[in-house]
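The values are calculated or read from the model by the stated rules, or taken from the named source; none is laboratory data. What you see is a predicted model; the values in this text were computed from it and never measured. Ideal geometry is used to build each Cβ from the backbone, glycine not excepted, and the neighbour counts take in all protein chains shown. Note: accessible area is taken over every heavy atom of the protein model, side chains too, but ligands, DNA and RNA are not part of it. Shrake-Rupley method; radii C 1.70, N 1.55, O 1.52, S 1.80 Å.
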Amino acid sequence: QVQLVESGGGLVQAGGSLRLSCAAFGSIRSINYMGWYRQAPGKQRDLVATVNSGGTTSYADSAKGRFTISRDNVKTVSLQMNSLKPEDTAVYYCNAAGTLAWGAPFEYWGQGTQVAVSS
């Protein structure tokens, strides 16, 4: 019932910037939480940044000071990534949880977008 679509991934040089976006589609009443996670080859999927419906944000230590998560609107979240490092290379996934228009809760993952940072 919900589809999350990530965009904005690509290849950048170390020190560069990239902005990821995630848009939710479907009959959604509300989104309580949206977050960005990443998974590098051979590693688990780790949290990068989150934002809730009240605007409260949180960041992984590796992202703090360089990345900024924001809710562009009720169905869209972005992740501004600055001062990128090779260790930021990963597939980045959007996650959202909330309530469908007819009252049922939902939690969905996007399909991921590749970020590659070269030195």
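The residues neighbouring Trp36, those whose beta-carbon lies less than 14 Å from its own, together hold a net charge of +2 under the Lys/Arg +1, Asp/Glu -1 convention. Within the full protein context, the accessible area of Val12 is estimated at about 20 Å² for a probe radius of 1.4 Å.
Please give the contour-minus-distance gain from Arg29 to Gln111: 0.36 nm per residue of separation, less the Cα-Cα distance, rounded to one decimal in nm.
Working: separation 82, 0.36 × 82 = 29.52 nm, distance 2.21 nm.
Between Arg29 and Gln111, full extension yields an extra 27.3 nm.
In this simple spin-label model, placing a label point 7 Å from the Cα along the Cα-to-Cβ direction at both Gln13 and Thr56 gives a separation of 4.1 nm. Note on the range 25-64: Cα Rg divided by 2.2 N^0.38 Å, N the number of residues, gives 1.42.
Ordering Glu6, Glu87 by accessible surface, largest first, gives Glu87, Glu6; the 1.4 Å probe counts only protein heavy atoms, with every chain in place.
Residue-normalised convex hull volume from the C-alpha trace of the chain: 88 Å³ per residue. With all protein chains in place and ligands, DNA and RNA left out, the 1.4 Å accessible area ranks Ser78, Ser17, Ser70 as Ser17, Ser70, Ser78, largest first. Were the residues from Ser70 through Ala104 laid out at 0.36 nm apart, the gain over their Cα-Cα distance would be 9.7 nm.
Simple spin-label estimate for Ser118 and Asn82 gives 2.5 nm between the two label positions (7 Å along the Cα-to-Cβ direction from each Cα). Here the chain is treated with +1 on each Lys and Arg Cβ and -1 on each Asp and Glu Cβ, and its dipole about the Cα centre works out to around 100 debye.
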